[in-house]
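Novice: Please find one structure pasted underneath; my questions will follow.
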Amino acid sequence: MNASGPAQLDGLLDISPAALEHAQRFARVSNLKDNSVVYFQDDPTEHLFFVKHGYVRLSYISEDGLVTLHSIVPPGRSFGEAGALERFGYCDTAFGVGATEVIALDLACMNDHASVADEIRLAVARLIARRYRDHVEFTRALYRPNLALRLSYSLLKLLDTLGNEIRYQGQQVQCLGPVVTQRDLGAMARGTRENVNKALRNWQKKGILALEDRHIIVLDRPRLEQVSLDVD
C-alpha cells in the first residue's frame, strides 16, 4: 500500500488540538483499488488505519484454513488497532471494497514520552477497547446453534453500522446496499451463499425483508430481531 499525501485526522481521534497536530505529522492518505490489501494477518503492526472513503473488509483465517469475515468497516471508523500498543502482528487481513481511501497513522507518533504521545496512546486504547467489545459480541454470535440466528444477528449488526434509511412502499425502512453481498453474509454467519439466499428468500416471503437490485431492504426490524432471539 503506497501513501499518496498528508491526511487530516479531525474527528477520528478524541485528543487535544496539540496532540492532533502532532499525530497528523505521522498520517498519510492512501488510495486503494478494489480488493487491494491494506495488510495481511500476522504482518507486524506499524500503522493504525481509518477509513476515509469506501469500505474495508476484515477477515480472519483460522488454523484449519476457514476464512471468517468479521467486519465491514465504514467511513470514519478505525481498524488494525488490536496490536497497536504492544506491536503484536495484525490479527486479521484487511482489504478495500471498491475504490477506497484509508488514512494510515504511523505508530511512531507514540514513541516519545511527551504528553501529546500519552494522549494518543490513551485514544488508541479506547479504540482497542471498542474493537474488543465488537469481537466478543461477534464471537458469541458465531456459536449460535443455527444459521437463522447467526444470519439475523449479522444483518442487524450490519444495519447498525452500514445501513441507510430509505422510503420504500410508503414507509421509512433500513436497507443494506450492494457493498454487503450474500457471500459476505455467508462468511460472517458460517453458511454458504446458497443457504444464505434460501434464508433471505424465506424471510422475504414472510414480509420481514425485500430483495431488490442487490439491496436487502428490512421491512420489519422487530420481527428480524425476534428471529435473532428465538433459540427454539
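Novice: Filter the range 40-90 down to residues that are modelled with pLDDT under 90, in a loop (DSSP other than H, G, I, E, B) and hydrophobic (A, V, I, L, M, F, W, C) and give me whichever is farthest from residue 185 (Cα to Cα).
Specialist: 85
Novice: While we're looking at this one, here's another question. Go through (1) touching a Phe, Trp or Tyr at 6+ places or on another chain (Cβ under 6 Å); (2) without any contact (Cβ under 8 Å) to a residue 60 or more places away in the chain for residue 143 and report which single condition fails.
Specialist: (1)
Novice: Then there is this: Which residue out of 163, 96 is in contact with a strand residue (DSSP E or B) (Cβ under 9 Å, 6 or more places away or on another chain) and either in the same structural domain as residue 26 (by TED's automatic domain parsing) or within 23 Å of residue 7 (Cα to Cα) (or both)?
Specialist: The match here is 96.
Novice: Which ones in the range 201-232 are in a helix (DSSP H, G or I) and without any contact (Cβ under 8 Å) to a residue 12 or more places away in the chain?
Specialist: Passing the criteria: 201, 202, 204, 205, 222, 226, 229.
Novice: Mind checking which residues of the range 99-114 are in a helix (DSSP H, G or I), in contact with an Asp or Glu (Cβ under 9 Å, 6 or more places away or on another chain) and either buried (at least 20 other Cβ atoms within 10 Å of the Cβ) or not assigned by TED's automatic domain parsing to the domain that holds residue 45 (or both)?
Specialist: Listed by number, the residues that qualify are 107, 110.
Novice: Can you spot a residue in the range 172-179 that is in contact with a strand residue (DSSP E or B) (Cβ under 7 Å, 6 or more places away or on another chain), part of a helix (DSSP H, G or I) and under 22 Å from residue 131 (Cβ atoms)?
Specialist: Looking for residues that are in contact with a strand residue (DSSP E or B) (Cβ under 7 Å, 6 or more places away or on another chain), part of a helix (DSSP H, G or I) and under 22 Å from residue 131 (Cβ atoms), one finds none in the range 172-179, hence no.
Novice: Looking at the structure I just gave you, is residue 198 crowded, with 16+ Cβ neighbours inside 10 Å and part of a helix (DSSP H, G or I)?
Specialist: no
Novice: State whether the residues of the range 115-136 include one that is over 30 Å from residue 26 (Cα atoms), out of contact with any His (no Cβ under 6 Å at 6 or more places or on another chain), surrounded by fewer than 17 Cβ atoms within 10 Å (Cβ to Cβ) and free of Cβ contacts under 8 Å to residues at least 40 places away in the same chain.
Specialist: There is at least one residue in the range 115-136 that is over 30 Å from residue 26 (Cα atoms), out of contact with any His (no Cβ under 6 Å at 6 or more places or on another chain), surrounded by fewer than 17 Cβ atoms within 10 Å (Cβ to Cβ) and free of Cβ contacts under 8 Å to residues at least 40 places away in the same chain.
Novice: Looking at 96, 170, 83, 89, can you tell me which residue is more than 16 Å from the chain's Cα centre (by Cα) and in contact (Cβ under 8 Å) with a residue 40 or more places away in the chain?
Specialist: When all the criteria are applied, what remains is 89.
Novice: Within the range 195-213, identify whether any single residue is modelled with pLDDT under 95, farther than 21 Å from residue 140 by Cα and under 20 Å from the mean Cα position of the chain (by Cα), and answer yes or no.
Specialist: No: zero hits.
Novice: Something else about it: In the set 151, 155, 159, 147, which member is closer than 30 Å to residue 8 by Cβ and surrounded by 14 or more Cβ atoms within 10 Å (Cβ to Cβ)?
Specialist: 159
The values are calculated or read from the model by the stated rules, or taken from the named source; none is laboratory data. As the structure is a computational prediction, the values presented were derived from the model and not from experiment. Cβ: placed from backbone, ideal geometry, glycine included. Neighbour counts: every protein chain shown.
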